[in-house]
Amino acid sequence: MRNVKLILFFLVFGIGSVSFAQESYYELKLLPFNSNESDEFSPFYYDSSIVFCSNRKNNIFIDYKTFDNKPLLDIYVVSRINDSVWGKPKIFSKELMTFFHDGPVCFNLPHNLIYFDRNNNVKTKFGNISDP
């Protein structure tokens with residue numbers, strides 16, 4: 001029992017002291033296209049762009065909302081113009097948009113295949129996976 005307490009003591013205090021001694025290798029900051037009104041997450045570098053998820057209001061006529069009255073998630077892309085200038089975020093692909101949450105995403109190495117999450121409304125036991 002004494003050995004277990006000693007091991008636990010060294011794990012708790014040893015790991016804690018190591019985490020405080022680590023140097024910072026990156027800096028987190030908001031980019032100019034970030035919004036204070038919407039949720040944005042899961043950025044993925046895609047060529048010279050960033051693909052990300054957001055519930056920002058897009059320019060469609062029908063505005064679907066979630067239970068907490070927020071817009072649904074869509075997949076957006078924003079292009080880098082130069083080292084300090086970014087373009088305006090736009091929908092990544094209208095073919096991937098549905099009346100449900102879409103995203104987050106990732107791509108294979110040659111960037112010719114996309115993997116993404118989507119929720120669906122399944123009305124039968126086995127479900128109909130086609131979107132409305």
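The values are calculated or read from the model by the stated rules, or taken from the named source; none is laboratory data. All values reported here derive from a predicted model rather than from experimental measurement. Please note: Cβ atoms are built from the backbone with ideal geometry, for glycine as well, and neighbour counts cover all protein chains shown.
Restricting the first member to the range 35-50 and to residues that are surrounded by 13 or more Cβ atoms within 10 Å (Cβ to Cβ) and in a loop (DSSP other than H, G, I, E, B), and the second to residues that are modelled with pLDDT of 90 or more and of a type outside the set (Lys, Arg), the beta-carbon pairs closer than 7 Å and six or more apart or on different chains are Ser38/Ser54.
Within the range 55-79, the set of residues being of a type in the set (Lys, Arg) and modelled with pLDDT of 90 or more is empty.
Only a single item in (1) at pLDDT 80 or above; (2) part of a helix (DSSP H, G or I); (3) hydroxyl-bearing (Ser, Thr, Tyr) is not met by Ser19, and it is number (1). If you go through the range 93-113 and keep only what is part of a strand (DSSP E or B) and either surrounded by fewer than 16 Cβ atoms within 10 Å (Cβ to Cβ) or touching a helix residue (DSSP H, G or I) at 6+ places or on another chain (Cβ under 8 Å) (or both), you end up with Asp102, Cys106. Regarding the range 80-92, can at least one residue be identified that is modelled with pLDDT under 85 and either over 19 Å from Leu31 (Cα atoms) or surrounded by 10 or more Cβ atoms within 10 Å (Cβ to Cβ) (or both)? Looking for residues that are modelled with pLDDT under 85 and either over 19 Å from Leu31 (Cα atoms) or surrounded by 10 or more Cβ atoms within 10 Å (Cβ to Cβ) (or both), one finds none in the range 80-92, hence no.
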